[in-house]
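Working notes, structure below.
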Ligand SMILES: Cc1cc2nc3c(=O)[nH]c(=O)nc-3n(C[C@H](O)[C@H](O)[C@H](O)COP(=O)(O)OP(=O)(O)OC[C@H]3O[C@@H](n4cnc5c(N)ncnc54)[C@H](O)[C@@H]3O)c2cc1C
């Protein structure tokens, strides 16, 4: 049977879209180029704006079973280890009605894959899509074995999306930052000064270091990110382990203790793209990183991909239920809801990264501002964790860092 929707890409975004649309009663076929489905990497933070979606798909219990519900997001200075600010996640749960979860990427991916299988998605691996063709009443994808058509094609083919080339001639933007990751058995950090109940980020000059537990606390996840001089100089040998060690040489004891536990044989270059306002061409639509790859500082990339899936499927589902499926209207609604929000996340993530990586006097100013922040002030996450990303009519306030040189508010609010 020919499908109603073809999805290209079997990452978190492709699976989420396939699942959400299948749940509306449509036939979905998903094409993945890899020989097997899977995810490379370690931890993912899933904020309340996405856990409420996972709940609506019946997957939250499984995700909570596999993940960890941290008590707080904590920010520390990477040089002296001092506390800068924190977000109480129990409080956030009451505010947003859904928990904050950290989970191994492969566990979330497997949860979505199992749900797709159970729902009846036609899951195909080993198919590399090499081209797209717009049609009057649908779209076609081309691959080695031929040509497949459907009323709608969703391209969830990631940062280097081939489909994006039909809508824009932009390229991925390199930030010159490089990430090392490492997920290790928790026993290996048992004697170290680490928190097993929080997500901790140490922010430092051109570098940061993230730590949190995974898999019910059995695994400890670390991410070390730094600006690579070799990447800046356009060299191919960017981000080598000697650069990693040099970047963190002046950091506090807690960070330096974690560095030897990173996976040293793999590293990831940090890219994003300029925000794009057009994601739909005829019946071809972009989703996930293909549409809006962010820098990772707000931990919203995979979250946005799942929000995309929820929004499109909600519009489609309403129409299917009413017996009036109008793909052009559904895709237009999807684009109208999502592009503005995702633009905001992408640009805010860049600004947030700059704030994290300040040096010299700017770093001291940043620390003062963060220490003075009222820990019960949710202004800078309401627009992310609240439901505004899913509706077209609200214009949530944009987070803009306070201009440097601004007088710092009175200190001591952290303790209060
Ligand atoms: C260091 C780091 C930390 C992060 N932390 C978080 C976090 O805490 N929370 C969060 O929400 N996000 C986080 N992200 C972002 C998140 O990982 C991505 O936004 C998300 O995984 C994107 O999913 P995707 O499915 O859109 O794309 P991808 O995961 O890139 O999947 C694309 C899929 O398409 C397939 N494909 C590509 N081209 C073709 C083709 N031509 N034919 C067939 N198949 C094809 C690929 O093989 C792949 O399986 C982080 C990212 C980084 C780098």
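Its Cα gyration tensor gives region 174-272 an equivalent ellipsoid; the semi-axes, largest first and in whole Å, are 25, 13, 12. With each label modelled as a point 7 angstrom along the Cα→C-beta vector, the residue 216-residue 125 pair spans 2.6 nm. Just 268, 356, 279 to compare: in a GNM of the chain, with alpha carbon springs under 10 Å, which one fluctuates most? Greatest mean-square fluctuation among the candidates belongs to 268.
Using C-alpha pairs below 8 Å separated by at least 6 residues, the relative contact order for region 24-145 is 37 percent. Dividing the mean sequence gap of close Cα pairs (under 8 Å, 6+ apart) by how many residues the chain holds gives a relative contact order of 20 percent. Counting beta carbons within 10 Å around each of 385, 100, 132 and listing the fewest first gives the order 132, 385, 100. Distance from the Cα centroid of region 125-159 to that of region 247-271 is 40 Å (rounded to whole angstrom). Stretched out straight at 0.36 nm per residue, the stretch from residue 277 to residue 382 would grow longer than its current Cα-Cα span by 35.5 nm. Ranked by how many other Cβ atoms sit within 10 Å of their own Cβ, fewest first, the residues 292, 315 fall in the order 315, 292. In plain terms, the chain from residue 33 to residue 142 could stretch by 38.0 nm, reckoned as 0.36 nm per residue minus the Cα-Cα distance. Each 10 Å bin, from zero up to the one with the longest distance, holds this percent of the alpha carbon pairs of region 116-193: 13, 30, 23, 19, 11, 5, 0. Per-peptide packing, taken as the mean over residues of other Cβ atoms within 10 Å, places 238-244, 158-164 in the sequence 158-164, 238-244 from highest down.
Comparing 336, 224, 302 in a Gaussian network model of the chain (Cα springs below 10 Å), the most mobile by mean-square fluctuation is 336. So what is Rg over Rh here for the chain, counting just Cα atoms and using Kirkwood for Rh? Rg/Rh: 0.97.
Counting every other Cβ atom within 10 Å of each residue's Cβ, 380, 248, 220 order from fewest to most as 380, 248, 220. Springs between Cα atoms under 10 Å define the GNM used for the chain, and in it the highest mean-square fluctuation of 172, 293, 213 occurs at 172.
Packing here is the average count of other Cβ atoms within 10 Å per residue, and on that basis the peptides 318-324, 13-19, highest first, run 13-19, 318-324. With a simple spin-label model that places each label point 7 Å from the Cα along the Cα-to-Cβ direction, the separation between residue 82 and residue 190 comes to 3.5 nm. With the helix formula -39500 (n - 2.57) applied to DSSP H stretches of n ≥ 4, the chain reaches a computed 222 nm mean residue ellipticity of -10500 deg cm²/dmol. Potential lengthening of the chain between residue 265 and residue 117 amounts to 49.9 nm, from the contour at 0.36 nm per residue minus the alpha-carbon distance.
Every number here is computed from the coordinates shown, using simple stated rules; none is lab data. Computed from a predicted model, the values in this text were never measured in an experiment. Cβ coordinates were reconstructed from backbone atoms using ideal geometry, including for glycine residues, and neighbour counts include every protein chain displayed.
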